[in-house]
Amino acid sequence: MVYFFVQGCDGSKYNINSLNFDHYYWHVFNPQKLLLAVLFGILCPAFLAISVNLVLTLRLRAPKLYAEFKTILWCACFILSIPLSFRAILDFLYQYNAKFQAYFTATDHRELSYNIAFTMLTSYIPILF
């Protein structure tokens, strides 16, 4: 946002117009969203592979521990990777699907519902689990 205001101050105190916003959107916001979507898209399979490897290693090296907690271990393995996939999917949809973005930015209520769902799906699932 600092970049937006710096670019928007065109000699006057707050000269924020649609050209400045478009410049900010395409040169700052859009690349950041793409980078985050790609990072979460990479992080999800990496986390899933590492956690599956960890659970399988526990099965071989600590069979008593694995037998006692195998359901919790496998649930944690999958449930904790779900928010990462939701984050990547929602970021890609919001950035590259114009209908998806237009639907959720049409009204303040829809944008609020998107932000609440986004927070629930990407943040509170791991916290609650």
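The values are calculated or read from the model by the stated rules, or taken from the named source; none is laboratory data. Because the structure is a prediction, the values reported are computed rather than measured. Counting neighbours? That spans all protein chains shown, and the Cβs are built from the backbone with ideal geometry, glycine included.
Among the residues of the stretch 39-74 satisfying the criterion of being aromatic (Phe, Trp, Tyr) and within 23 Å of ARG87 (Cβ to Cβ), which is surrounded by the fewest Cβ atoms within 10 Å (Cβ to Cβ)? Break it down into steps so the answer makes sense when it comes.
Applying the first criterion (aromatic (Phe, Trp, Tyr)) to the stretch 39-74 yields 40, 47, 66, 69, 74.
Next, from what is left, pick out any that are within 23 Å of ARG87 (Cβ to Cβ): 40, 47, 74.
Values: PHE40: 21, PHE47: 17, TRP74: 14.
Among residues in the stretch 39-74 that are aromatic (Phe, Trp, Tyr) and within 23 Å of ARG87 (Cβ to Cβ), the one surrounded by the fewest Cβ atoms within 10 Å (Cβ to Cβ) is TRP74.
Touching a Lys or Arg at 6+ places or on another chain (Cβ under 7 Å) and either modelled with pLDDT under 85 or not in a helix (DSSP H, G or I) (or both) - does that describe any residue in the stretch 60-74? Walk me through how you get there before you give the answer.
Step one: list which residues in the stretch 60-74 are touching a Lys or Arg at 6+ places or on another chain (Cβ under 7 Å), which gives 66.
Filter once more, so that each one left must be either modelled with pLDDT under 85 or not in a helix (DSSP H, G or I) (or both): none.
Within the stretch 60-74, not a single residue is touching a Lys or Arg at 6+ places or on another chain (Cβ under 7 Å) and either modelled with pLDDT under 85 or not in a helix (DSSP H, G or I) (or both).
How many residues are farther than 22 Å from LEU36 by Cβ and either aliphatic (A, V, I, L, M) or under 9 Å from the mean Cα position of the chain (by Cα) (or both) if we restrict to the stretch 68-96? Give the steps one after another, and end with the answer.
So the first thing to find is which residues in the stretch 68-96 are farther than 22 Å from LEU36 by Cβ, and the list is 68-78.
Cutting the leftovers down to either aliphatic (A, V, I, L, M) or under 9 Å from the mean Cα position of the chain (by Cα) (or both) gives us 72-73, 76.
Looking only at that region, the number is 3.
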* Structure fact -> Sole miss for THR122 among (1) surrounded by 14 or more Cβ atoms within 10 Å (Cβ to Cβ); (2) within 19 Å of ILE50 (Cα to Cα) is condition (2)
* Asked: Which members of the stretch 41-87 meet the condition of being of a type outside the set (A, V, I, L, M, F, W, C) and within 24 Å of THR119 (Cα to Cα)?
  -> GLY41, PRO45, SER51, SER81, PRO83, SER85, ARG87
